[in-house]
Amino acid sequence: MNTPRVPTMKPGHSLIKHYLQFKDLRAPEYAYLFERAAIIKKRFKNYEKYQPLADRTLAMIFEKASTRTRVSFEAGMYQMGGSVVHLTTGDSQLGRSEPIEDSAKVISRMVDIVMIRTYEQAKLTKFAANSRVPVINGLTNEYHPCQILADIFTYIEHRGSIQGKVVAWVGDGNNMANTWLQAAELLGFTVHVSTPNGYEVDPAVAGVSNPDCYKVFKDPMDACRGADLVTTDVWTSMGYEAENEARKKAFADWCVDAEMMAVAKPDALFMHCLPAHRGEEVEADVIDGPQSVVWDEAENRMHVQKALMEYLLLGRIG
Ligand code: CP
Ligand code: NVA
């Protein structure tokens, strides 16, 4: 079903569905999105034209750098027949203190959907509250839901359902870790978390209430023991560069290496959202080794986000 042209809706209209955190969608909606992503991916691989978003425009706002998020959203939107407007802090009035509420009101009258990569989640929430069209989180300090959407789709492609499985998180208690926790609570798996002291996940920030969705381990080897999936991320996320030297010291033992992979399940996968720093959070023989699925993971960003945009704009197909 085609919903009415969304820019005519008022902010807060019940037909506007935003994707600001992983828990903004429910488990059956994820099951649907994974099915759609598989169909959309197959069409792409076969050069089958599929353009349900003809005449729709995506605005992408980047306040932080990106390679994958930009390419996957931009290529994905064009493939679905739509078009894209790319804005950064430096080349728009966002960098000259135009209030975020005003920016949201203006931008959302001219486009059909918005993707934002920014610092505080609160800024994204404020934009969404003033937007007439769906808003997607392209990464904030707190969450990275599109990445976990791709990661779980990749897990399913390689190993089937993630329900009941163990995901080992080795490293910073950051936006990726928080989002893994939300996904675990929602989809019924467990995250084994190991971070250095001072870099723990905070369940209040992660937004989880079920204590069974994650377990904390002091030693990263113990977190990896028996895991179905081992995953990590940079030691220093964007926006935290001033802490780089202190983090290098604190995180020295949180490098995913062959020993950690050896205590995981024999068929365990390795994932990393990228960009990666070989020799820091992961050794080259792991990320470039046989258990790594990082290139599928990166590619799948595009397929799942196409399914997500289709869902937010058109609802369920068929
Ligand atoms: N994983 C990810 O979001 O990559 P980019 O920072 O390149 O977008
Ligand atoms: N945690 C990282 C992810 C980059 C895709 C960051 O926020 O910089």
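Each value in this text was obtained by applying a stated rule to the coordinates, not by laboratory testing. Just so it is clear, the structure is predicted and the values come from calculations on it, not from any experiment. Cβ sites come from the backbone with ideal geometry, for glycine too, and all protein chains shown count toward neighbours.
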Could you rank the peptides 183-190, 60-67 by their average count of other C-beta atoms within 10 Å per residue, with the highest value first?
183-190, 60-67
Would you list, by chain and number, the aspartates and glutamates whose Cα falls below 17 Å from the Cα of Lys49, excluding same-chain residues fewer than 8 positions away?
Glu74, Glu310
When the chain is treated as a Gaussian network with springs between alpha carbons less than 10 Å apart, the largest mean-square fluctuation among Gly207, Gly239, Gly76 is found at Gly239
Quick one: if you stick a label point 7 Å off each Cα along the C-beta vector at Ile39 and Met110, how many nm between them?
3.4 nm
Listed by chain and number, the lysines with an alpha carbon less than 27 angstrom from that of Lys45, same-chain partners under 8 positions apart left out, are Lys306
Just Gln121, Gln163, Gln21 to compare: in a GNM of the chain, with alpha carbon springs under 10 Å, which one fluctuates most?
Gln163
Taking only Cα atoms, what is the 0 to 90° angle, nearest 10, from helix 175-187's long axis to the longest principal axis of the chain?
80 degrees
How much length is gained if the chain between Lys215 and Ser83 is pulled fully straight, taking 0.36 nm per residue apart and subtracting their Cα-Cα distance, in nm to one decimal?
43.2 nm
Within straight-line cross-link reach of Lys126, aspartates and glutamates at Cα separation under 16 Å, skipping those fewer than 8 residues along the same chain:
Asp24, Glu63, Glu98, Glu101, Asp102, Glu142
Tilt relative to the chain, helix 100-110 - C-alpha long axis, 0 to 90 degrees, to 10:
60 degrees
Pair Ile317, Ala258: separation of 7 Å Cα→Cβ label points (nm):
4.4 nm
Hey, which of these cross-link pairs are over 21 Å Cα-Cα: Lys123/Lys248; Lys165/Lys215; Lys64/Lys218?
Lys123/Lys248; Lys64/Lys218
The farthest towards the positive end of the charge dipole of the chain, of the residues Ala242, Asn300, Pro203, given +1 on Cβ of Lys and Arg and -1 on Cβ of Asp and Glu, is Asn300
Assigned charges on the beta-carbon of Lys, Arg, Asp, Glu; the chain dipole about Cα centre (debye):
1540 debye
Starting at the first residue of the range 81-98, write each ³J(HN,Hα) from the Karplus equation 6.51 cos²θ - 1.76 cosθ + 1.60 with θ = phi - 60°, in whole Hz, x for Gly and Pro.
x, x, 9, 9, 10, 10, 10, 10, 4, x, 10, 9, 6, 4, x, 10, 6, 5
Peptides ranked, highest mean first, by Cβ atoms within 10 Å: ranges 263-271, 95-103:
263-271, 95-103
Against the globular-protein guess of 2.2 N^0.38 Å, express the Cα radius of gyration of the chain as a ratio, rounded to two decimals.
0.98
How large is the charge dipole for the range 69-119, taken about the Cα centre, if only the Cβ atoms of Lys, Arg (+1) and Asp, Glu (-1) carry charge, to the nearest 20 debye?
60 debye
List the trypsin sites (Lys or Arg not before Pro) within the range 200-277 that fall in a DSSP loop (any state other than H, G, I, E or B) and whose Cβ has at most 14 other Cβ atoms within 10 Å.
Lys218
